[in-house]
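The values are calculated or read from the model by the stated rules, or taken from the named source; none is laboratory data. Everything numeric here is computed off the predicted structure, so don't read it as measured data. Neighbour counts are summed over all protein chains in view; Cβ atoms, including those assigned to glycine, are modelled from backbone coordinates with ideal geometry.
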Amino acid sequence: MKKSKAGTRVLTGNIVAGSYNGLENRIQLFDGKFTTGYRIVDFKIASRYPLNAGEWISKLTTEPKSTVGEWHWDDVQELAWAKYDQAVLFTGTQMSVIRPDNMVVEDLWISAYSTSESNDLNYEITLEKYEFPAWTGAGVLVENLSQAGPQ
């Protein structure tokens, strides 16, 4: 596996917490080839309204997940998780965890949960593009479709 000349890609956007399988949750990455994929290297979230208090959590998956308010680190389809806490007029705290061996061949899905009345969520995802033989891509796809192990 080697990094592509295409290098790093940064995706930013906004979604409504509580959603998981709509068009706004799907991040299209698939280029029609099974010889390229993306590794998640950074994942950040924050409220769209920085003066409102609340908690926000989010996760990146290879398939839509209805378990929006839960993190399942044993599920191979869940690749990254982020949390943001904020008190009114104070700086929020951010944390994220990214599965070290993650690779996405097809598309990525983002879902979120919030305890705040203002449940709009901003996100920033940094990806690195990789190139590999088709058989490696097929193996990654099998894992992304959750056929590679326990959930």
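When region 1-50 is examined, which residues are found to be closer than 20 Å to residue 68 by Cβ, at pLDDT 90 or above and loosely packed, with under 14 Cβ neighbours inside 10 Å? 13, 14, 26, listed by residue number. Quick check on region 92-101. Is at least one of its residues surrounded by 16 or more Cβ atoms within 10 Å (Cβ to Cβ), touching a residue at least 60 places away in the same chain (Cβ under 8 Å) and closer than 23 Å to residue 7 by Cβ? Checked against the condition, which is being surrounded by 16 or more Cβ atoms within 10 Å (Cβ to Cβ), touching a residue at least 60 places away in the same chain (Cβ under 8 Å) and closer than 23 Å to residue 7 by Cβ, region 92-101 yields no hits at all.
Could you grab me the full set of residues in region 105-122 that are in a strand (DSSP E or B), over 20 Å from residue 37 (Cβ atoms) and not polar (S, T, N, Q)?
112, 113, 120, 121 - these are the residues of region 105-122 that are in a strand (DSSP E or B), over 20 Å from residue 37 (Cβ atoms) and not polar (S, T, N, Q).
Across region 102-125, the number of residues qualifying as surrounded by fewer than 17 Cβ atoms within 10 Å (Cβ to Cβ) and at pLDDT 95 or above comes to 1. Could you please let me know if residue 77 is in contact with a helix residue (DSSP H, G or I) (Cβ under 8 Å, 6 or more places away or on another chain) and polar (S, T, N, Q)? Judged against the criteria, residue 77 is a match. Considering region 126-146, and only residues there that are buried (at least 17 other Cβ atoms within 10 Å of the Cβ) and over 27 Å from residue 44 (Cα atoms), the residue that is modelled with the highest pLDDT turns out to be 132. If you check 81, 135, 73 for being aromatic (Phe, Trp, Tyr), closer than 20 Å to residue 24 by Cα and without any contact (Cβ under 8 Å) to a residue 40 or more places away in the chain, only one passes: 81.
For region 123-139, what are the residues that are of a type in the set (S, T, N, Q) and assigned to a strand (DSSP E or B)? Break it down stepwise before answering.
Of region 123-139, the ones of a type in the set (S, T, N, Q) are 126, 136.
Matches in region 123-139: 126 only.
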